[in-house]
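The values are calculated or read from the model by the stated rules, or taken from the named source; none is laboratory data. These numbers come from a predicted model, not from an experiment. Every residue, glycine as well, gets a Cβ built from its backbone with ideal geometry; the counts of neighbours run over all protein chains shown.
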Amino acid sequence: MIRWLLWLIAGALLGGIVHLVAVLILPRTATQDAYSRISPVTPVNTIAALPQPAPQQEVIPFMDPAFASAVCRYDLSSGPLKLTAPVSAAYTSVSFYTRRGVAYYAINDRAAGRRVIELDLMTAAQRAQLPEDEDVTAADRLIVESPSTTGLIVLRALAPEPGLMATARSALAAARCQLQ
């Protein structure tokens, strides 16, 4: 009886280890992640509008059809990035993801408190190179530190009614993502 119990515990332990290893390794080996799917349709350091989701034709899985979406595929190896996104009438959000899909920062129009979401995106090394005696205070300039040099910035604008989708898309079309 004890022998069967030991085999059962050993099997469960081995199964748990295999499961944990598979869960941790599979995202790194996936070839069709969001960054890979977006790369052909978006130039680097430029905002590109994503098409409205349709069944079996989504660029990014589980996109909400009530939102107009745009993405900026960034590369900070040449320097910091300046993001400017005007807010739409209903709701606007900006989310930041690493190359591997890890979300590390998000802001929406209500948190920004302005008509335009403006921020600087840079690595920790680039931020360390900023002058200490700069006259710009933290309230005047929002700086986001990226944990990696490449990644995605996803902008979303809500269209509360289908007829307002053109307004939401025009708000995202006015957004800018460019090197400083």
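Would you check if there is a residue in region 56-79 being among the polar types (S, T, N, Q), more than 14 Å from the chain's Cα centre (by Cα) and farther than 26 Å from ASP33 by Cβ? No: zero hits.
The single condition among (1) in a helix (DSSP H, G or I); (2) more than 26 Å from SER170 (Cα to Cα); (3) basic (Lys, Arg) that ARG100 does not meet is (1).
Confirm whether ARG114 is within 13 Å of ALA68 (Cα to Cα), at pLDDT below 95 and among the basic types (Lys, Arg). So ARG114 does not fit the description; no.
The set of residues in region 55-100 that are buried (at least 16 other Cβ atoms within 10 Å of the Cβ) and of a type in the set (Val, Ile, Thr) comprises VAL59, VAL71, VAL87, THR92, VAL94, THR98. Restricted to strands (runs of 3 or more DSSP E) entirely inside region 1-97, those with at least 2 residues that are more than 24 Å from SER148 (Cα to Cα), touching a residue at least 60 places away in the same chain (Cβ under 8 Å) and in contact with a Leu (Cβ under 8 Å, 6 or more places away or on another chain) are 67-75.
Checking every residue in region 51-60 against the condition of being within 30 Å of MET122 (Cβ to Cβ) and either among the hydroxyl-bearing types (Ser, Thr, Tyr) or assigned by TED's automatic domain parsing to the domain that holds SER148 (or both) gives at least one match. The lone criterion from (1) surrounded by 18 or more Cβ atoms within 10 Å (Cβ to Cβ); (2) modelled with pLDDT under 90; (3) part of a helix (DSSP H, G or I) left unmet by ALA171 is number (2).
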